[in-house]
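See structure below.
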């Protein structure tokens with residue numbers, strides 16, 4: 001028996017491939033969403049089951065060994081945000097053939113008479129995404145929408161983040177008799193009546209092209225709380241070795257300079273800036289807004305108390321511990337034994353305590369670096385080098 005996983009394209013017979021039509025015409029059983037079953041071409045004699053749950057589909061396949069062949073319908077293309085990924089492991093050991101279909105992005109781009117290979121492809125269908133951050137970083141972002149993230153909901157987020165003037169094009173009920181494609185701005189579509197079955201293309205003429213490490217200090221708003229300077233910040237971020245989807249804690253975040261740059265580097269992840277001073281919390285939020293960072297949350301309070309309920313961190317920077325360094329490190333390692341840890345110290349007492357803990361706790365690859373930077377300042381018609389306070393940076397990784 002052969003099991004076919006068939007991409008139904010836009011959900012009508014017109015976007016089925018000839019190979020898919022041939023498989024359907026010979027199938028003994030067809031399984032899929034009711035919407036897709038209703039769109040089957042004429043001449044499909046199979047027994048049809050309206051089922052969506054992968055486990056239930058697996059049971060149906062096992063219960064029909066004499067069907068000859070079974071076709072399982074997937075919307076769009078089998079490789080583009082499809083249930084195929086979850087279903088294939090449940091069909092292990094069977095003869096399975098995957099027949100791709102036309103995806104919504106292919107069809108939409110064709111209707112617009114445009115190439116789509118440079119678009120950033122995102123699914124907001126039943127899942128959260130950093131819509132504002134994605135639009136910030138890409139010239140063209142394509143969204144599959146659904147659930148609470150409808151087209152108006154996404155556009156409201158973009159408008160609030162300052163991207164309301166970006167060109168936006170929405171495609172509703174693609175491939176059906178009710179198909180409608182219309183264009184406007186994100187701000188305009190935030191107020192529009194848009195069908196739930198829709199896709200969205202947002203274009204930003206000025207995307208952020210670079211991922212920086214060590215932004216100039218002048219770009220941050222300052223106040224009565226400490227700020228990690230650019231030169232030191234660069235080393236801290238390099239020691240954190242951030243990945244795109246990392247969850248990062250910045251403990252004792254001050255003005256949020258490390259938090260903001262960590263969020264720009266971990267653009268598909270999230271940064272939690274822990275700061276107990278109200279002035280610091282205000283500056284963190286202001287700097288995040290100023291620099292267009294949306295995957296950053298400021299947590300008011302002291303670590304480790306306020307860490308409860310947060311997602312486990314992949315990496316953490318400790319810029320201030322309030323005398324609770326041992327408790328903070330132990331909590332971080334409990335949350336993720338493989339965490340990457342970086343700490344900065346400006347006093348010998350903090351350095352001594354940190355070094356002792358880093359070598360006592362289950363950490364490996366421990367490094368101690370001193371940064372002694374100087375900056376030029378003008379003195380009359382000349383320039384003098386003025387030394388900054390030396391900073392010690394201690395880093396290590398949990399045992400895997």
(request) Test residue 177 against the criterion of being surrounded by fewer than 20 Cβ atoms within 10 Å (Cβ to Cβ) and either outside any loop (DSSP other than H, G, I, E, B) or modelled with pLDDT of 95 or more (or both), and give yes or no. (result) no
(request) Filter region 12-38 down to residues that are within 34 Å of the chain's Cα centre (by Cα), surrounded by 15 or more Cβ atoms within 10 Å (Cβ to Cβ) and within 22 Å of residue 56 (Cα to Cα), then give me how many there are. (result) 5
(request) Could you please give the count of residues in region 65-83 that are in a loop (DSSP other than H, G, I, E, B) and crowded, with 17+ Cβ neighbours inside 10 Å? (result) 8
(request) May I ask you to list the residues in region 223-252 that are part of a strand (DSSP E or B) and surrounded by fewer than 24 Cβ atoms within 10 Å (Cβ to Cβ)? (result) 247
(request) Exactly one condition in (1) touching a residue at least 60 places away in the same chain (Cβ under 8 Å); (2) touching a strand residue (DSSP E or B) at 6+ places or on another chain (Cβ under 7 Å) is not met by residue 268; state its number. (result) (2)
(request) Check residue 133 against each of (1) touching a residue at least 60 places away in the same chain (Cβ under 8 Å); (2) closer than 20 Å to residue 208 by Cβ; (3) in contact with a strand residue (DSSP E or B) (Cβ under 8 Å, 6 or more places away or on another chain) and name the one condition it does not meet. (result) (3)
(request) Give 209, 233, 221, 241 a once-over and let me know the one that is more than 21 Å from residue 156 (Cα to Cα), under 19 Å from the mean Cα position of the chain (by Cα) and in contact (Cβ under 8 Å) with a residue 12 or more places away in the chain. (result) 241
(request) Give the number of residues within region 268-292 that are in a loop (DSSP other than H, G, I, E, B), surrounded by fewer than 20 Cβ atoms within 10 Å (Cβ to Cβ) and touching a helix residue (DSSP H, G or I) at 6+ places or on another chain (Cβ under 8 Å). (result) 1
(message) Suppose we keep only residues that are assigned to a loop (DSSP other than H, G, I, E, B) and out of contact with any helix residue (DSSP H, G or I) (no Cβ under 7 Å at 6 or more places or on another chain) within region 365-400. Which one would you say is farthest from residue 349 (Cα to Cα)?
(response) 381
(request) Could you run through region 182-218 and say how many residues are assigned to a strand (DSSP E or B) and either at pLDDT below 95 or surrounded by 16 or more Cβ atoms within 10 Å (Cβ to Cβ) (or both)? (result) 7
(message) Please go through (1) out of contact with any strand residue (DSSP E or B) (no Cβ under 8 Å at 6 or more places or on another chain); (2) closer than 25 Å to residue 215 by Cβ; (3) assigned to a loop (DSSP other than H, G, I, E, B) for residue 313 and return the number of the only condition it doesn't satisfy.
(response) (1)
(request) Only strands (runs of 3 or more DSSP E) wholly contained in region 1-54 count here; list those with 1 or more residues that are closer than 19 Å to residue 102 by Cα and in contact with a strand residue (DSSP E or B) (Cβ under 7 Å, 6 or more places away or on another chain). (result) 2-7, 29-32
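The values are calculated or read from the model by the stated rules, or taken from the named source; none is laboratory data. Since this is a predicted model, take the numbers as computed values, not measurements. Ideal geometry is used to build each Cβ from the backbone, glycine not excepted, and the neighbour counts take in all protein chains shown.
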